[in-house]
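Notes follow the structure.
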Amino acid sequence: MKEQQFSIGIDIGGTNTTIGLVRLDGKLVAKQNLNTSQYFDAHKFVDDIVFSVHKIMMENKIKHILGVGIGAPCGNMLEGTIEDAANLKFRGKTPLKQLMETELGIPVVVSNDANAAAYGEMIYGGAKGMKNVVMFTLGTGVGSGIIIDGKLLHGSNGFAGELGHAILIPYGRKCNCGNYGCLEMYASIRGIITTCIELFELWPDDEITQIPREILSPKTIAEAALRGSTIAIETYRKTGEWLGIALANAVTFSDPEAIFLTGGILNAGELLMKPTKESFEKNKLSFYKNNIPILRSQLNENDAAILGAAALVW
Ligand SMILES: [Zn+2]
């Protein structure tokens, strides 16, 4: 019998890093987590990832893996580096590919985490069979991955698909990247909480103003909306309106067959999707006559980036 082939897919997020052992057919065999936000030193972070890779192989009695694929914020596929990721606490250029190949002795591929998620969706998820897809990851930050003619778009510097930092509101909220008004400041977890707090002033008697700020989250805001909180409903309406504009802009740029979204804030369901779709249809150019569906990722939120990163190795 032919021996099963495995690779490691790693999803580096601002909060969590997940290391997954993936079989060639897309089965995620095992996962391990690291708390990304506790690392201020890139070398310590790499050491702990390498340790986790060895551990996951040992625990699953895997002697050989084909390689490691990494989806990381500001991951540069051309150079194999992470550079000044807004949501990571270590700064500068981290030569992730080089450091890990030295430690592990197998090929390592680095890509943007949203690129990896888009790739995973195309190989194993709802975008199977599609060739033109834009994927938005709505998490701590906002990322995007663009697939054109079946290929991930990398660009001349390896940084194509940073639509989370496309400016949505001129002179808007200050972003970690240094600019103002980036999409990320409006359609991310933090963006939703900020929008909600900004609305306190308009409706000071709304029940949500009584919730301690440290408990405010997309989930608690969605729950308040279901109880009838005007601020909570308006928070999701505004978020959807902004997100819809960003998706319409993405269509003018690459004319996709579908747009995929992933991230916990989608758990708000129609509360977010209804205003998003309305804004998308309103702002989309009329000559895109075909209905471009906005779909939720069919892969588990964490798994999409892991599977995509692993698929980059094949
Ligand atoms: Zn930005």
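The values are calculated or read from the model by the stated rules, or taken from the named source; none is laboratory data. What you see is a predicted model, and the numbers here were worked out from it, not measured in a lab. Cβ coordinates were reconstructed from backbone atoms using ideal geometry, including for glycine residues, and neighbour counts include every protein chain displayed.
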(request) Would you mind finding the one in Asn112, Asn176 that is assigned by TED's automatic domain parsing to the domain that holds Val50 and within 16 Å of the ligand (Cβ to nearest atom)? (result) Asn112
(request) Output the residues belonging to the range 1-40 that are under 15 Å from Ile62 (Cα atoms), in a loop (DSSP other than H, G, I, E, B) and among the aliphatic types (A, V, I, L, M). (result) Leu24
(message) Against the conditions (1) under 30 Å from Gly20 (Cβ atoms); (2) surrounded by fewer than 24 Cβ atoms within 10 Å (Cβ to Cβ); (3) among the β-branched types (Val, Ile, Thr); (4) at pLDDT below 95, where does Thr220 fall short? Just the number, please.
(response) (4)
(message) Against the definition (assigned to a strand (DSSP E or B) and either within 16 Å of the ligand (Cβ to nearest atom) or outside the structural domain of Pro73 (by TED's automatic domain parsing) (or both)), how does Ile147 come out, yes or no?
(response) yes
(message) Return the residues of the range 168-204 that are in a helix (DSSP H, G or I) and either in contact with a Cys (Cβ under 8 Å, 6 or more places away or on another chain) or among the hydroxyl-bearing types (Ser, Thr, Tyr) (or both); say none if nothing qualifies.
(response) Glu184, Met185, Tyr186, Thr194, Thr195
(request) Filter the range 6-55 for residues that are more than 22 Å from Ala117 (Cβ to Cβ) and more than 21 Å from the chain's Cα centre (by Cα) and give the result. (result) Phe40, Asp41, His43, Lys44, Asp47, Asp48, Val50, Phe51, His54, Lys55
(message) Which count do you get for residues in the range 107-143 that are in contact (Cβ under 8 Å) with a residue 24 or more places away in the chain and not in a helix (DSSP H, G or I)?
(response) 23
(message) Out of everything in the range 119-142 that is aliphatic (A, V, I, L, M) and over 9 Å from the mean Cα position of the chain (by Cα), what residue ends up being farthest from Ser52 (Cα to Cα)?
(response) Met130
(request) With the checklist (1) surrounded by fewer than 19 Cβ atoms within 10 Å (Cβ to Cβ); (2) in contact with a Leu (Cβ under 8 Å, 6 or more places away or on another chain) in hand, flag the one item Ile259 doesn't pass. (result) (1)
